[in-house]
Structures are given as C-alpha cells and as structure tokens.
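Take a look at the structure set out below.
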Amino acid sequence: MRRRVVVLAVLAAILSVVAVAAVIFPDYFRLLRPSVLKQLDPRVVKLVNELPGVDRQNQELLGRLFALGGLAEAKEGPDGVMRVDVRAPKGELIWEPAIIVMPRSGELEVDLSNDDPYVHHAAIFPSNGDKQFVMLPIHSRGRARVTLDSPGYYWFDCPVGNHGGRGMLGLILVRGDVPAEARLDRPEQPRP
Amino acid sequence: MGPDRRRRSVRVGLCLLLAAGVLVACSEERRDYPLTEQGRDLGSLSGAAGSAPPVAAGVNFERILRARAEPQNWLTYYGAYDGQRYSSLDQISTGNVRDLRPAWTFQFGEFGIKAGEATYSFEAAPIVVDGVMYATAWDGWAFALNAETGQELWRYKHEIPVDTPLCCGNVNRGPAVANGKVFVTTPNAHLVALDAVNGRPVWKQVFGDVRAGESATLAPVVVKNLVVVGTSGAEFGILGHIDAYDLETGRRVWRRYNIPKPGEPGGETWPEKGEARNRGGGSAWITATYDPELDLMYWGTGNPSPDFDGSVRPGANLYTSSVVAIDPDDGAQRWHYQWTPHDLWDYDGNNENILVDLDGRKLLAHFDKNGYFFVLDRTNGQLVRVAPFVERLDWGEIDPSGKVSPRKVPTREGVDICPGPAGGKEWTHAAYSPKTRLFYVPTIESCANYRVEPVEFKEGLPYYGGEANTLPDHWGAVRAFDPSTGREVWEWRNDKPMVASVLATGGDLVFAGEPTGELNAYNARSGELLWQHQTGSGHHSNPVSYSVKGKQYIAVPVGWGGWVKGFAPGTLGVPRGAALMVFALP
Ligand SMILES: [Cu+2]
C-alpha cells in the first residue's frame, strides 16, 4: 500500500515537472512530436552533437555556422504587411532569428535592433526594386521594408567586416506557389 | 522522508525551474531603442542620376519596324526584326579600326549570394535609344546608362530566389523597349515592365512556374501592341510555351504551348498513352524574328524531354527542336519545320532564324546546333537548301531533300557523337551583312560522350534521362557563308570555341569575342583579323553598335559564364567579369 503511494507520488511529480517544463520550454517539447522525430537526420544531429561549438564564436570554427540563430515566422498585420523582429545579440555576430519565414510572397517589414556593444552592424536585404541597406550603430534600432514575390529562399547579410562569414548571414524563406494562371496546363504530377 | 516533505521538495523544484525559465526569458528580451535607422535603396548610395531622359516614350511599333532607318540606335534585340545583327554605321571601318579604343566601361561587380554562383554571365544585347542605353545583367538586374559617358542613370533589381531551378546559367539576354517602358524577363520567369525614365515597375506578370522547373533568360520582343516571351526549362520536363502580353496593361492576350494535345495537328507524333507529352519540353528561350509583310513571328523551340532517353517518347515529338511560324495576334501556328526530328542529342532548335531576301525570294536562314545550315522559304516553311557548316558531324545525315537519317544515338554504355550538346553553334547569334551578302557564324567543333540513364520523372528535378559530357578537344571558328550557294567564303580558326554573337557593320567589319577575353574585328570580305583588344574576361554576349552626336560606338557586355561545362569545358577557369565595355575612335 505504502509502496503504491510512493510510486504514484513519484509518477505524479515527474508528470508535473514535464507539464510545467513543457509550458516554460515549449520549443524543446515541440521537438518531441513524432512528425519531427521522424525527420531527424542523424547527419544533422551529429553536427551539434559532435561539434557543439559550431554555434559559438571562435570555438569549433572561427565563426558561428550561419543559419543557426533560430527561425521565426513573419506575422501578417491588418494592412497585409508581414512583420518580424530581428536582433543582433551581444557578442555573438549572429542574427536572431537567422531564418525568417514568410508564409507567402508579399511585403515584409523587418524591425532590427543592434544589442551588441562590441561592434556596429548593418543589414542588407533582398527586395524588388533595389537591395535595402540599413545602418545599425551600437544600441540602435532600424527598419527595412522589403518585397519578395516568388517562392524560394533569399539571403540577408551584415555587410560590415566579414560579419556575414562569421555568422551574420540569414535566410528569408518564402512559402507558397506561383499564381494559378502562371502554371502549366497539365495533369497533377509527382513531387520528389 | 514522508510524503509531505516529498511533495514540498517537488514544489520547490518546480518553483526553481519556473524562476530559471523566467530568468532565461528576461535575458532574451530585446532592448528598446528609438527607431533611428531606415532602410534605403542601395542604388541611392551610388553615383546614379536617378532618372533617364524620356527618349523611350517615342519608341513604338512603327519605329521598330523601320529600325534600319535610324542606325544611331539599336532599337530591338537583333537590331531589327529580321535578326541580321547588322549596323549600317561605317565611321569605324577596315581603314581605321586599328585606332579603336575603350571609350567607357560600366562595371557591375555586385556582392552577395546568387542563384548559380558559378554560372552567371553577362549576355545582354543592350538597347540604345537616342543616347540612352538600356541593359540587363544576370539575377534580375536592369540598368539605364548614358550611352555617351557610361554614367548610370537608374537601376532595377528583381529578387531571384537562390534556389531557382536553372539548367545552365543565371543569365539574361537583354531588354525590349517601347512606349516609354523597358521590358525585362527574370530567371524566375517574371515579365516586368519598367518605367524607362526612372526604372520603377509599371506592371508585372508571372509567366512560368518555378516549382515545375520553368525559368526565363530571353529578351522580350515587342510586336504591335504586344510584348512576347517564352520559357526555359526543358531539362526539367516542362511544357514549353510562348506568351503575349498587352504592352500597356500587362494583360495576357494569348499563350501557346509548343507541344500539341491529342487530336491537334502534330499530336500524333507523341505516344497516345501516358504522360510523355505533358512533360515534353519544347521551350522557347531565344527571341523570335518577325516579318511584318507576312505578319509572322519565327520562334525556335527547344529539345524534347527527357533530353537523351527517347524510349519514353517514340515519335517525331513535334514541335520540339523546330521553327514555328506563328501569327502574333493570336499565337496560331501557320507552318513549322523540324530541324531534328526525335532529338536525342539536346540539339534544340532555338537558334535564331535570320530573315533575308535574295533573288526575289523571302528566305529564312538558320544555323542549327545539329551542325546543319538550313535555308527555308519563310512564306511556307519549304526547304530551299541544307548543308553542314561544321567539320565534326557524325550524329546523322540530312540529304538535300531534307531527309534526316540518324547514324549515332546515345546508348547505355556511352558513345562519342559530334557535335556535342552545345552544337555546331550555340545560341550566340550569327550576323548577316546585306552589303557583303554573307553570313558570319560563330562555330564550335566539339564531340561529347552521350549516355542514356533512364530516370522517373519528378517535378522540379533534372529530367535528362542520361548525360552528355563534352570531350576535351574542342575548338571553333568564325566562318562566312554565302547563302546563295551555301558555300564557305572564309574562316578564322581559334583554339577555343567561338561562343559570342557576331556583329556586322557598314564599315565592312565583323566583330566577335573570344572565350579568353579578346574582342576581334575582322575584314568582312576576307576574314583578316584587323584589330584585337583584351577585355579581361570571356565573351558570351551580344555586341551592338550605335552612335551619339555623330560618333560611332561598339558596345559589348563582357563576363564569362553560362553553360561553360557544355560549350567549352576547357575554359571553365577563365576569369569571371561583369563589365559593359564601349569602344570608339579617338
Ligand atoms: Cu555586423
């Protein structure tokens, strides 16, 4: 009897720790979804498992392997413009997030802040019309409005020094398809 | 330890965990600074003037029809609708060409990552209107320049996804200009109409599906109230098509697929069952020529898909590797001629169709990748004459009646066949001088090992059904041909393939660039090399001629690249470049 109470209490404690941790660290728990686990590629896991320093400056490599600064989806506002915040954190030479996801083609407003007391940064963004350039002195905030009208991925960069090579190379992923009238008049076909 | 104490320690643990989480969350919170920095156009931080004089407003269909009457300008892709790439300007001539020297250079060494980093190339034919030059580069760039000084007037960038499907290169062959607008196609198959004064977009249409492997590289052509374009992508099993858009509104007026449906004329040249025709290729990536009297456009069409494995597409595979004569008003086909029936060698049929009138006949001349020089009656597509124009040719024979007898076809084991997949002449255009009555042709002497490797079709994946690897020994020549006899009149040999468009001028000169950077001027009658200038990078573009304030200029975009692996793999290491160079007499 007493043993069963102990077992139950331990189980309850574990469950509540898991539940609370799930609330506090949702990102870790989302990784445990079967759909994600199914896609876990041992070669990718190896990257951070065997080279844990690839996402730090001057450890495994000289810089930080780019695109390891996380991912954020741009949110569409009532005016139809998608928006996202991107920052340069202290002493890391990365963009956070390093991958911006646009759910569809259109206009994206990027709110940038340089929280890095080590160095001034700048940003260069792809945009129809012309590339967009934003200066980012230490402890400053800037804004870029970009238009991307085709599915696929694009890059953005900090053009100061070799910050891009050190880790400040980011990607913008645009999801969606071309307009229906642009597609080929042929039956559905297999995608790889 | 009693249950109470245990519960208490769990509670404490959870609180600590919570506190740690809050702490982590707080440290990641962004600092709030006032918004002081705004994004700016990169071009606003340059010497660009920001606007061009409104000269393009006066360019309309009537003026393009009579382009030869204003030799100071280069109003359309080939200089005129006939595709002759001939400028009647004669200030620079055989007598003084030795004094030709650089007048100005426009450099465009951009920074950043682009699709096909190793394949971008400067291929454009600049358009010149009353002292203003409009040009395009790779990766969605377009410019207006002062044609006398080279000063940048405006620039436009269309952003191209880094993962755009490209068979061969990140390239663009130039703009079209009419009604105050500059029309540009982009690698991701958009057609953009720009305001010719400030470079801002007026309208845009998407005419290809990047997920299906479609892209675009050609210069648009303006005919009447339409701007007409075609797609690239037959290496991905697309369905090639040609689209026409209203100049003013951008509304699509017609689309024509180059592969017929079952029941349509030509439909019987595809297997009745299965999907072969739906992935049949037949792209249209080279600008059409146009005969205003017959009111016909002449479009070349590309290879069938898959390129090398013909077993999935028994039949002649119309209208691939052909020329189609179509009505510009509705895209209806009047006649066709297939250069390479059931193409198994990636010979395409896109090469330009040059319109010449000889002995009272309306003719169409075409130097095909398959190594044969065809002359057709362009009123009805009847063959007038056919003869080989390269030495290395063993894929098959075409007899004087036009009968095609293939001799060597790709096999599973691999077999050497000539010419290779870049052909006896690549897309880079020949020129015709009405003064000398000769054609000037950039040629390639190459062979390749062709191998069949059957693959299942998957959308967006390369769909070659094998491979063709160009063999190491390849060279080339500029050759002059007399269309009335089909005979070669002179030849200038080079130890590398000649893969840049030729320009013929009224000064009895012929200009052609080499892969190793030399721009050459030849005597148009004898082929004697009269002048040479090392530009620093290889030539794979369309030189043009124009004049401003009575001074003649020769303009040539320089920047080696494109599908070098196919047309001249022995020059893959030639220095890359990104310059538009303009020459004049002192
Ligand atoms: Cu930086």
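The values are calculated or read from the model by the stated rules, or taken from the named source; none is laboratory data. Bear in mind that the values here come from a model prediction, so they are computed numbers and not experimental data. Reconstructed Cβ throughout: ideal geometry from the backbone, glycine too, with neighbour counts over all protein chains shown. Calculation scope for accessible area: heavy atoms of the full protein, side chains included, ligands and nucleic acids excluded. Shrake-Rupley method; radii C 1.70, N 1.55, O 1.52, S 1.80 Å.
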*Pick from segment A:1-34 the residues that are open to solvent by 60 Å² or more (accessible area, probe 1.4 Å) and of a type outside the set (A, V, I, L, M, F, W, C): which of them is farthest from the other protein chains (Cβ to nearest Cβ)?*
A:Pro34
*asked:* Tell me yes or no: at least one residue of segment A:79-98 is of a type in the set (Gly, Ala, Ser) and within 7 Å of chain B (Cβ to nearest Cβ).
replied: no
*Would you be able to tell me the number of residues in segment B:173-193 that are over 14 Å from the mean Cα position of the chain (by Cα) and among the aliphatic types (A, V, I, L, M)?*
6
*asked:* Contact list please: Cβ distance under 7 Å, first residue in segment A:161-182 and without any contact (Cβ under 8 Å) to a residue 12 or more places away in the chain, second residue among the acidic types (Asp, Glu), pairs at least six apart or on different chains.
replied: A:Ala182/B:Asp209
*With respect to B:Leu100, is the statement that it is more than 14 Å from chain A (Cβ to nearest Cβ), under 30 Å from B:Ser433 (Cα atoms), more than 24 Å from the chain's Cα centre (by Cα) and buried (at least 22 other Cβ atoms within 10 Å of the Cβ) true?*
yes
*How many residues, within segment B:433-473, are over 30 Å from B:Gly507 (Cβ atoms), among the aromatic types (Phe, Trp, Tyr) and touching a Ser or Thr at 6+ places or on another chain (Cβ under 8 Å)?*
2
_Consider segment A:117-137. How many of its residues are within 7 Å of chain B (Cβ to nearest Cβ), near the ligand (Cβ under 10 Å from one of its atoms) and open to solvent by 10 Å² or more (accessible area, probe 1.4 Å)?_
0
*In segment A:1-64, which helices (runs of 4 or more DSSP H) lie fully inside it and hold 3 or more residues that are assigned by TED's automatic domain parsing to the domain that holds A:Pro97 and farther than 30 Å from A:Gly165 by Cβ?*
none
*Answer with yes or no whether B:Gly331 is surrounded by 23 or more Cβ atoms within 10 Å (Cβ to Cβ), in contact with a strand residue (DSSP E or B) (Cβ under 7 Å, 6 or more places away or on another chain) and of a type in the set (Gly, Ala, Ser).*
no
_Suppose the filter is free of Cβ contacts under 8 Å to residues at least 40 places away in the same chain and within 13 Å of another protein chain (Cβ to nearest Cβ); does B:Val229 pass it?_
no
*Restricted to segment B:126-158, and to residues that are part of a loop (DSSP other than H, G, I, E, B) and touching a helix residue (DSSP H, G or I) at 6+ places or on another chain (Cβ under 9 Å), which residue is surrounded by the fewest Cβ atoms within 10 Å (Cβ to Cβ)?*
B:Asp130
*Working carefully through the options B:Ser446, B:Ser433, find the one that is open to solvent by less than 10 Å² (accessible area, probe 1.4 Å), among the small types (Gly, Ala, Ser) and within 23 Å of B:Asp90 (Cα to Cα).*
B:Ser433
*Those residues that are among the β-branched types (Val, Ile, Thr) and facing chain B (nearest Cβ under 9 Å), I need them from segment A:153-180; list them, please.*
A:Val174, A:Val178
_Just the residues that are assigned to a loop (DSSP other than H, G, I, E, B) and open to solvent by less than 30 Å² (accessible area, probe 1.4 Å), please, taken from segment A:83-116._
A:Pro89, A:Leu93, A:Ile94, A:Trp95, A:Pro97, A:Ala98, A:Asp115, A:Asp116
*Looking at (1) within 14 Å of another protein chain (Cβ to nearest Cβ); (2) open to solvent by 10 Å² or more (accessible area, probe 1.4 Å); (3) touching a residue at least 40 places away in the same chain (Cβ under 8 Å), which is the only condition B:Leu294 fails?*
(1)
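Can you confirm whether A:Glu109 is away from the ligand (no atom under 11 Å from the Cβ), acidic (Asp, Glu) and either farther than 20 Å from A:Gly69 by Cα or not assigned by TED's automatic domain parsing to the domain that holds A:Gly70 (or both)?
no
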_When you scan segment B:560-581, do you find a residue that is in contact with a helix residue (DSSP H, G or I) (Cβ under 7 Å, 6 or more places away or on another chain) and hydrophobic (A, V, I, L, M, F, W, C), even just one?_
yes
*Please work out if B:Val162 is open to solvent by 10 Å² or more (accessible area, probe 1.4 Å), within 7 Å of chain A (Cβ to nearest Cβ) and part of a loop (DSSP other than H, G, I, E, B).*
yes
*Name every residue in segment B:520-537 that is in a strand (DSSP E or B) and surrounded by fewer than 24 Cβ atoms within 10 Å (Cβ to Cβ), in order of residue number.*
B:Asn520, B:Asn523, B:Leu529, B:Leu530, B:Trp531, B:Gln532, B:His533, B:Gln534
_Out of everything in segment B:508-518 that is over 20 Å from the mean Cα position of the chain (by Cα) and crowded, with 24+ Cβ neighbours inside 10 Å, what residue ends up being farthest from B:His539 (Cα to Cα)?_
B:Leu509
*Being open to solvent by less than 30 Å² (accessible area, probe 1.4 Å) and part of a loop (DSSP other than H, G, I, E, B) is the filter; apply it to segment A:68-82 and report the residue that is farthest from A:Leu136 (Cα to Cα).*
A:Gly80
